[in-house]
Every structure is written in C-alpha cells, then in structure tokens.
Amino acid sequence: MDKKEEEQFHVFYKVPSGDGPYVRAKHAQLIMKDPEGSIIWFWKAITERDRVDSALKDMAVVMKQLDRSEEAIEAIKCFRYLCSKQAQESLDNVLLDLFKKCGKVEEQIVLLKQKLRQIYEGKLFNGRPIKIARSHGKKIQVTITQETARVLGNLGWAYMQKGNFMAAEVVYKKAQMIYSDSNKACNLAQCLIKQARYDEARYILEDVWRGKYLGSDDTKTKNRVEELLLELDSKQPPPFLQNIPGLDLDDDFVNGLEHLINEWARPKSRRLPIFEEISTFRDQLAC
C-alpha cells in the first residue's frame with residue numbers, strides 16, 4: 001500500500017504501523033477481505049512472536065467466522081502460554097464463544113466456574129473494580145458486579161442447555177440479586193415453567209411486562225414475554241379460573257374453554273389480549 005493508504009489504514013482500523021506479519025494479517029482481513037489469507041499471516045505472527053496477544057485472539061475470531069471453531073479452540077489451548085497475563089481474560093471470552101458455537105456445554109460450565117473463582121479471588125479485571133470494554137464499536141465501562149451477573153447468566157444458560165433447570169434456577173436467582181435485567185428474568189421464568197411452577201413464572205413475566213427490569217421495553221423482550229405467557233396459558237388454566245370459591249369445573253369443560261379462548265385470540269395481533277383480560281379481571285376482583 002502507498003504511504004497515504006497506509007496512514008489511513010492505521011488510523012481507521014487502529015492497527016500498529018509497520019510491516020510485520022500481524023499488520024499484514026490485519027490488512028488481509030480488513031482491507032483485502034481475505035480471511036483465509038489473514039489466517040496464514042496470523043499464524044506467522046504467532047510463531048514469530050509478533051503481537052501474539054492480538055494475533056491469537058484475532059485469528060480465533062476469523063476462524064470462527066469460517067466455521068473452523070474446533071481448530072480455533074485447539075490453537076488457543078496450544079499457544080495461549082505465549083500470551084501475556086493481561087490477555088488471558090480476553091482469550092477465555094473468545095473460548096466461551098467458540099465452545100457455544102461447537103455445542104461444548106460441559107466445557108462452557110467448567111470455564112464459567114473458573115471465571116467465578118477468579119472473581120471470588122479478586123483476580124478478574126487484573127484486580128481492578130472496573131474495566132474498559134468494547135460494545136458495538138464503542139468503549140464502555142464494565143463493573144465487577146455487572147461482570148459477575150453476566151458470568152452467572154451464561155452459566156445459567158449452559159445449565160439450561162443440559163436440561164438441569166434446578167441448577168439454572170439457582171444461578172439465575174443469584175445473578176438477579178447482583179444485577180437484574182429482563183433477559184435473565186425471562187430465562188428464570190422459563191426454568192420455572194420447565195419445573196411446572198407456573199404461578200412463580202407468571203409473576204416474574206408480569207413484572208417484566210410492567211417494565212420492572214432493565215431492558216423490559218425492548219421489542220425482542222416483549223415478544224419473548226408474550227411467547228412464554230402463551231406457553232404458560234397452554235399448560236395452566238388462566239388465573240381467573242383458579243381458586244375461585246364455589247367454582248367446580250371438570251377437566252373437559254376447562255380444556256374446552258381454554259381452546260375457545262385460544263380461538264378468539266388467534267386472529268388478533270401478537271400483543272396479549274388474554275393477559276390484558278386477566279389483568280382487568282384481577283382489578284375487578286380487587287375492588
């Protein structure tokens with residue numbers, strides 16, 4: 001590349017200047033759009049000890065994009081000893097993404113428990129309470145509290161993939177106590193549904209619907225709450241049909257009534273007419 005192109009490249013992509021293998025790898029990756037070619041240069045950078053921290057991590061990310069995740073996992077395991085102590089946390093995060101991509105749930109659980117142990121021992125963030133991270137290209141501050149809740153949330157999700165919903169429930173409740181949000185609340189509700197604890201799940205989902213958690217207003221969250229509530233309604237009679245004194249209905253009648261309600265709701269929008277009717281009925285009972 002000519003001098004002007006080189007200057008623009010270094011400024012825009014924040015790549016160190018020079019002509020070493022790591023810089024050539026980034027040029028192949030970002031300018032030439034040649035991921036396979038960039039991997040060759042990343043390997044050369046690693047073997048020549050040229051910015052190994054960045055070279056190993058970046059190469060693993062490119063390999064994941066090319067569906068070579070198993071190879072990326074082995075590369076990190078074999079060469080992470082060449083990297084600095086400060087780079088180990090980032091490599092662990094890349095490994096977690098790779099394990100998830102490959103469906104290696106047990107490996108995820110082991111690594112997440114290791115990260116929790118590091119938090120407990122004050123080793124994560126290199127002993128600092130806050131670290132600077134990147135999210136969607138922007139620098140953000142992440143506290144150790146947020147990171148702990150994030151790791152617990154990931155551990156809960158891994159347990160869910162194994163079908164261990166009791167363990168997932170315990171982990172999600174701990175995470176919510178530390179730093180609550182709507183995503184973990186929905187996952188917790190799903191764990192409770194899987195354990196047939198429908199009333200507890202409904203209570204959590206109603207709180208999310210009312211905006212009591214961070215991220216409750218997100219469209220994806222609203223859609224997920226609707227889906228989980230509809231799943232609840234398919235497994236459990238609506239609340240206004242439960243525990244009403246003097247109400248003695250046989251199963252066939254209740255099932256038929258639920259089917260009728262579902263038929264009414266089917267042609268309408270994805271907003272929750274059933275949920276809104278239930279809330280109105282509860283308000284009337286309260287009066």
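Cα-based Rg (one decimal) and Dmax (whole number) for segment 54-210, in Å?
Expressed in Å, the Cα Rg and Dmax of segment 54-210 come to 16.9, 52.
Debye calculation, C-alpha points only, no solvent: report log10 I(q)/I(0) for segment 6-141 at q = 0.11, 0.21 Å⁻¹, in the same order as the q values.
-0.44, -1.37
Run through all the Cα pairs of segment 158-231 and give the fraction in each 5 Å bin from 0, expressed as whole percent.
Result returned by the calculation: 3, 18, 30, 25, 19, 4, 0.
Can you work out the Karplus-derived ³J(HN,Hα) for every residue in segment 177-194? Use 6.51 cos²θ - 1.76 cosθ + 1.60 with θ = phi - 60°, whole Hz, and x for glycine or proline.
5, 7, 7, 7, 7, 6, 5, 5, 4, 5, 5, 4, 4, 5, 4, 5, 4, 5
If every alpha-carbon in segment 30-85 counts as one equal scatterer, what log10 I(q)/I(0) does Debye give at q = 0.25 1/Å?
Log10 I(q)/I(0), no solvent term: -0.99.
Keeping all protein chains in the complex and leaving out DNA, RNA and ligands, what accessible area do you get for residue 41 with a 1.4 Å probe, in Å² to the nearest 10?
About 80 Å², rounded to the nearest 10.
Mind ranking 115, 26, 212, 220 by accessible surface for me, highest first, 1.4 Å probe?
Working: 115 0, 26 25, 212 135, 220 165 Å².
Sorted descending by solvent-accessible area, the residues read 220, 212, 26, 115.
Quick one: accessible surface of residue 202, probe radius 1.4 Å, all protein chains present, in square angstrom to the nearest 10.
10
Starting from the coordinates of the alpha-carbon atoms of segment 40-118, obtain the Kirkwood hydrodynamic radius over all distinct pairs and give the value in Å to one decimal.
So the Kirkwood estimate lands at 12.7 Å.
Give me the accessible area of residue 70, 1.4 Å probe, in Å² rounded to the nearest 10.
100
The values are calculated or read from the model by the stated rules, or taken from the named source; none is laboratory data. No experiment lies behind these values; they were computed from the predicted model shown. Note: areas computed on protein heavy atoms with side chains; ligands, DNA, RNA excluded. Shrake-Rupley method; radii C 1.70, N 1.55, O 1.52, S 1.80 Å.
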